[in-house]
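Novice: Handing you a structure now.
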Amino acid sequence: MPEPTKAAIAVPSKDPKKKEDSEKNGAVSKKKPDEKEGEELSEEDLQLRGELEMLVERLKEPDTTLYRPALETLRTLIRTSTSSMTSVPKPLKFLRPHYPELQRLYELWSSSEDKSLFADILSVLAMTYSDTEPRGTLRYRLLAASMRPTTSPLADPGDWGHEYVRHLAAELGEEYNLREQAEVTKPTTQSDAAGITPQIPLPVGTLEDLHNLALVCAEFLLKHNAEPDAVDLLEEMEIIDRIVDLVDANTFNRVAAYMIACVNLLPPQDDIAFLKTAHMIYEKHQRFPEALSLAIRLNDSELIRKDFHTPGNPQMKRQLAFILARAQVPYHWLQHSTTDDDGDETLEELPEDLQEILFNSRLSTHFKQFGKELGVLDPKSLEDVYKSHLETSRSSTASVDSARGNLAGTFVNAFVNAGFGNDKLMVEAEEGNSWIYKNKDHGMLSAAASLGLSLLWDTEIGLSHAGAFLATGILNTGVRSEADAVLALLGDHIINKSVPLRTSAIIGLGFAYAGSHREDILLMLLPLVSDDEISMEIVALAALAVGLIFVGSENGEAAGVILQTLMEREDRALDEKWTRFLGLGLALLYVGVQASDSYDATIETLKAIPHQSSKQIQVLVEMCAFAGTGNVLRVQAMLQQCGEHLNVKDSVADSEQEGDKKAETKQDDTFQAFAVLGIALVAMGEDIGAEMSLRQFNHLMHYGDPVIRKSVPLALGLVSASNPQLPILDTLSKYSHDNDLAVALNAIFAMGLVGAGTNNARLAQMLRQLAGYYHKEPDCLFMVRIAQGLVHMGKGTIGINPFYLDRTTLSKTAIAGLLATLTAFTDAKAFILDKYHWMLYFLVPAMYPRFLITLDDDLEPKPVTVRVGTAVDVVGQAGKPRTISGFQTYQTPVRVATTERAELATEEFIPFASVLEGFVLLQKNPGWEEKMEL
């Protein structure tokens, strides 16, 4: 077979031009030079282009009488042109090549009304040249305005259409920022290192002109359903407060909702300005519940008093009283002060019906009724909670009636039957068979105190047991009374010689008067804080009680005394484990205040304290001040604290020095535990921040030191309290099997926090498995039992999430209670697992029923149909979208979980409250019957 013939084929370096291509090019060359390739114009378009070109030619002619008609025709053609949403309007497209020529022509004209109209048209054309000539639209708009006589105002920017206004708004913000920067730094015309010439502000128009134009644009945007754009523009121009005059009955709700949603994403001071502006909007439109909720967020006593007393409708006033009672606002903030003849100030008493609501007097009655409606009034036994027969445990080696098991039973019984006042172990125990005596020594204190939790909010019942001081405080948490029985009962015992009685009385007062800002109790407790002779335990708990009572008040006297104590106490005293509670007492005074003057002064004072404990107290104060704000810079600062690896330095020859260094290093890392909690506390205010924090916790768990790893589960519990999300449950489940038992212990407790009061079946199953896994570890088993009690808290009716009013407002007393509990868990071995297990009761201020009870005019429960479903964020969405998804219909009273929202199923009743949560008063809709008849 012959070989195939080989031939060399020459391959050109470039592809040969195709025949079609050359034909096409030929066709193009025949077309007019200014027409785009491959584009065929219709007859109509050709006519329009010809007309526009003729008008441009007219403007070049020497006859000035032709200018005005030509400009008017141009304006009409541009304004009336309609095209698809995705393409440039035809007149702008055809005029674009003439834009530079028209600019030169404009400069030659003398100043007149015609020139003003010309500038207005150029302003629209500049939109097509925005990439090459920055802010041209704004420049010509300002020039047009400056040349118009006052008798003939310039046409509204809205006449040119929505896109023009949006373009103008964007350029306004850019220009304003440039002018602000120019004031700070003198502009340099030289190119910077990258070769880019810095932008300089336009030489036309004053700041006042920019503001006025921004207001005109904002008004147009508000009228055309672009409320977020209007808010963003005025925020960029730093005149957000002027939006109050622009909104009307149709737009105010959407504007205010968008502004409130922005608050967590704004830097300090801007966020306060937004809240105040939204408050003014609600106030102007007489939306009192919304205005009051913002006043509570601002923590402004003047605003709260004003909002409370403004409405004339007595039913509305009652509804506001329910909101204030939930927020636990100090009673004296609401009283008007009057001056008598001698010049003494006296506070006016409020009407009795409002007092009863503000004191939460009927909370217990309503709660028990709610339990009855839900069918959970019957007491639950420990076995009902543990379900031991389902546990996968091997035969338990521990004795059945062990002291530790009984102690766990005490707490489980208290948490599960909280508020119902009918449990079998304590309240209704048979004579001589009280559960108290089944506990040893310090266990009896917790057992007696559990009585208070079972009778929660029911102030009618007096307690007689000696260890019941704490129970009395627990019982009165969140409930006030004129009689001040708690103060009368516990006041004398804060100087008792018995330490347990003394601490119980102090903490009892802290619970009962949490958030009340009562000066008379401050005078009783401060001498204990400043007394050098007494133990750090009593000093620290007295400071904590002061922090609970004056939470978020910035009380200078209390802060001064605690700082003085920190300065004057010996190092030996400050080395004790109790110092963290002394610091927490100080930090609680600053909950939610952000960067105020008193906060800055306190931080500076703490920096001056030489003892190493000052660092952990600085972290505590900082995280409390920014609690729930979502402030990114603070989260970064906390992460930086966690990143420090505090290892012992190179060994020194002197062994004593080396020993000192080791001790110092070991102790100095407590601040990192609080920094981890701080990340959760700051980030928990908004959903995106909370979600992002989970990722940081994952990193900290991988790379952190033991003290950090131990705190991560607690932070997870705080960021998602009473909100069992699957990813968090799985993460905690993994940590609960950690090699480090301290991590496992905290993870088990965090599982209880995450599922508190939810009856979550998956979580209950996880805990039962853990009970089997840790059956030989008494500490871990004890914690599993506590977590089981928390998950079934109040038989699924009580939650501990500190946010309320549709998760917008942070309860200061709730956050104080949660922080006190978590502080005890930063060293569980020294507190909870030692003889201070009663610190688990620090959760009580955070406990509140998760219900919706609708009431009639006489404040009696009124069953109505409601829909309850997962809350959906509808801020900034067009139209009236559904605010809940996957809803179910119930009759009130009904349980509403942390992430759920309720709405009335029919329009038969109108609620006084803006958020259906807690107690809601209803009024009959006057138009309802007529609708039915029709």
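Novice: Kindly establish whether residue 494 is under 18 Å from residue 838 (Cβ atoms), over 28 Å from the mean Cα position of the chain (by Cα) and not small (Gly, Ala, Ser).
Specialist: Yes; evaluated as a whole, the condition is true for this residue.
Novice: Taking residue 326 as the residue in question, decide whether it is open to solvent by 20 Å² or more (accessible area, probe 1.4 Å), touching a Gly at 6+ places or on another chain (Cβ under 9 Å) and under 22 Å from residue 812 (Cβ atoms).
Specialist: Spelling it out, residue 326 is indeed open to solvent by 20 Å² or more (accessible area, probe 1.4 Å), touching a Gly at 6+ places or on another chain (Cβ under 9 Å) and under 22 Å from residue 812 (Cβ atoms).
Novice: Do any residues in region 679-695 that are within 15 Å of residue 808 (Cβ to Cβ) and without any contact (Cβ under 8 Å) to a residue 24 or more places away in the chain have Cβ atoms under 7 Å from those of residues that are among the hydrophobic types (A, V, I, L, M, F, W, C) and open to solvent by 100 Å² or more (accessible area, probe 1.4 Å), where the two are at least six apart or on different chains, and which pairs are they?
Specialist: Note: no pairs meet the criteria.
Novice: Do you know which residues across region 854-888 are in a strand (DSSP E or B) and touching a residue at least 24 places away in the same chain (Cβ under 8 Å)?
Specialist: Selection gives 854, 855, 861, 865, 866, 867, 868, 869, 870, 871.
Novice: Additional query: Name every residue in region 361-390 that is assigned to a loop (DSSP other than H, G, I, E, B), closer than 17 Å to residue 792 by Cα and not aliphatic (A, V, I, L, M), in order of residue number.
Specialist: Matches in region 361-390: 375, 378, 379, 380, 381, 387.
Novice: Quick test for you: out of 278, 321, pick the one residue that is crowded, with 22+ Cβ neighbours inside 10 Å and within 22 Å of residue 627 (Cα to Cα).
Specialist: The conditions single out 278.
Novice: Let me ask you something else. Just to be sure I understand the filter: pairs with C-beta atoms under 8 Å, separated by 6 or more residues or on different chains, first member in region 807-819 and in contact (Cβ under 8 Å) with a residue 60 or more places away in the chain and open to solvent by less than 10 Å² (accessible area, probe 1.4 Å), second member part of a helix (DSSP H, G or I) and of a type in the set (Val, Ile, Thr). Which pairs pass?
Specialist: Cβ pairs passing all conditions: 809/296; 817/844.
Novice: With 488, 514, 483 as the choices, which residue is open to solvent by 10 Å² or more (accessible area, probe 1.4 Å) and not in a helix (DSSP H, G or I)?
Specialist: 483
Novice: Moving to a separate point now. Just the residues that are open to solvent by less than 10 Å² (accessible area, probe 1.4 Å), in contact (Cβ under 8 Å) with a residue 60 or more places away in the chain and not in a loop (DSSP other than H, G, I, E, B), please, taken from region 229-270.
Specialist: Once the filter is applied, which keeps residues that are open to solvent by less than 10 Å² (accessible area, probe 1.4 Å), in contact (Cβ under 8 Å) with a residue 60 or more places away in the chain and not in a loop (DSSP other than H, G, I, E, B), region 229-270 yields only 233.
Novice: Test residue 901 against the criterion of being touching an Asp or Glu at 6+ places or on another chain (Cβ under 6 Å) and part of a strand (DSSP E or B), and give yes or no.
Specialist: no
Novice: List pairs: first in region 552-575 and in a loop (DSSP other than H, G, I, E, B), second among the hydroxyl-bearing types (Ser, Thr, Tyr) and open to solvent by less than 10 Å² (accessible area, probe 1.4 Å), Cβ under 7 Å, 6+ apart or cross-chain?
Specialist: Taking only residues 6 or more apart or on different chains, the pairs are 554/590.
Novice: Moving to a separate point now. Return yes or no: is residue 158 part of a helix (DSSP H, G or I), open to solvent by less than 20 Å² (accessible area, probe 1.4 Å) and at pLDDT below 85?
Specialist: Against the criterion (part of a helix (DSSP H, G or I), open to solvent by less than 20 Å² (accessible area, probe 1.4 Å) and at pLDDT below 85), residue 158 qualifies.
Novice: Of everything in region 769-796, what is within 33 Å of the chain's Cα centre (by Cα) and farther than 25 Å from residue 894 by Cβ? Give them in sequence order.
Specialist: Selection gives 783, 784, 785, 786, 787, 788.
Novice: Any idea which of (1) buried (at least 20 other Cβ atoms within 10 Å of the Cβ); (2) touching a Leu at 6+ places or on another chain (Cβ under 9 Å) is the one residue 733 doesn't satisfy?
Specialist: (1)
Novice: Name the residue, out of 107, 183, 175, that is open to solvent by 30 Å² or more (accessible area, probe 1.4 Å) and modelled with pLDDT of 85 or more.
Specialist: Going through 107, 183, 175 in turn, the sole match is 107.
Novice: Given (1) open to solvent by less than 10 Å² (accessible area, probe 1.4 Å); (2) outside any loop (DSSP other than H, G, I, E, B), where does residue 781 come up short, assuming only one miss?
Specialist: (1)
Novice: Here's another thing I want to ask about it. Is it the case that residue 895 is closer than 20 Å to residue 797 by Cβ and touching a helix residue (DSSP H, G or I) at 6+ places or on another chain (Cβ under 8 Å)?
Specialist: In short, yes.
Novice: Looking at residue 124, is it in a helix (DSSP H, G or I), aliphatic (A, V, I, L, M), touching a Ser or Thr at 6+ places or on another chain (Cβ under 9 Å) and at pLDDT 80 or above?
Specialist: Against the criterion (in a helix (DSSP H, G or I), aliphatic (A, V, I, L, M), touching a Ser or Thr at 6+ places or on another chain (Cβ under 9 Å) and at pLDDT 80 or above), residue 124 qualifies.
Novice: Check off (1) part of a loop (DSSP other than H, G, I, E, B); (2) open to solvent by 70 Å² or more (accessible area, probe 1.4 Å) for residue 311 and give me the number that stays unchecked.
Specialist: (2)
Novice: Criterion first (crowded, with 18+ Cβ neighbours inside 10 Å, under 25 Å from residue 288 (Cβ atoms) and touching a residue at least 40 places away in the same chain (Cβ under 8 Å)) does residue 900 satisfy it?
Specialist: Taking the combined requirement at face value, the residue does not satisfy it.
Novice: Also: On the given criteria, is residue 738 more than 20 Å from residue 822 (Cα to Cα) and surrounded by fewer than 24 Cβ atoms within 10 Å (Cβ to Cβ)?
Specialist: No: the conditions fail for residue 738.
Novice: Something else about it: Any idea which of 530, 498, 504 is open to solvent by 10 Å² or more (accessible area, probe 1.4 Å) and at pLDDT 85 or above?
Specialist: Exactly one of 530, 498, 504 is open to solvent by 10 Å² or more (accessible area, probe 1.4 Å) and at pLDDT 85 or above, namely 530.
Novice: Output the residue which, of all residues in region 879-897 that are open to solvent by less than 40 Å² (accessible area, probe 1.4 Å) and of a type outside the set (Val, Ile, Thr), is nearest to the chain's Cα centre (by Cα).
Specialist: Only one residue tops the list, namely 897.
Novice: Examine region 678-687 for a residue that is modelled with pLDDT under 95, within 25 Å of the chain's Cα centre (by Cα) and surrounded by fewer than 21 Cβ atoms within 10 Å (Cβ to Cβ), and state whether such a residue exists.
Specialist: yes
Novice: Among the residues of region 702-724, write down those that are open to solvent by 10 Å² or more (accessible area, probe 1.4 Å), farther than 18 Å from residue 789 by Cα and touching a residue at least 12 places away in the same chain (Cβ under 8 Å).
Specialist: The answer is 704, 705, 706, 707, 709, 710, 719.
Novice: Another question, if that's okay. Consider region 594-617. How many of its residues are part of a loop (DSSP other than H, G, I, E, B) and open to solvent by 60 Å² or more (accessible area, probe 1.4 Å)?
Specialist: 2
The values are calculated or read from the model by the stated rules, or taken from the named source; none is laboratory data. A quick note: this is a predicted structure, and the numbers were derived from the prediction, not measured. Counting neighbours? That spans all protein chains shown, and the Cβs are built from the backbone with ideal geometry, glycine included. Note: areas computed on protein heavy atoms with side chains; ligands, DNA, RNA excluded. Shrake-Rupley method; radii C 1.70, N 1.55, O 1.52, S 1.80 Å.
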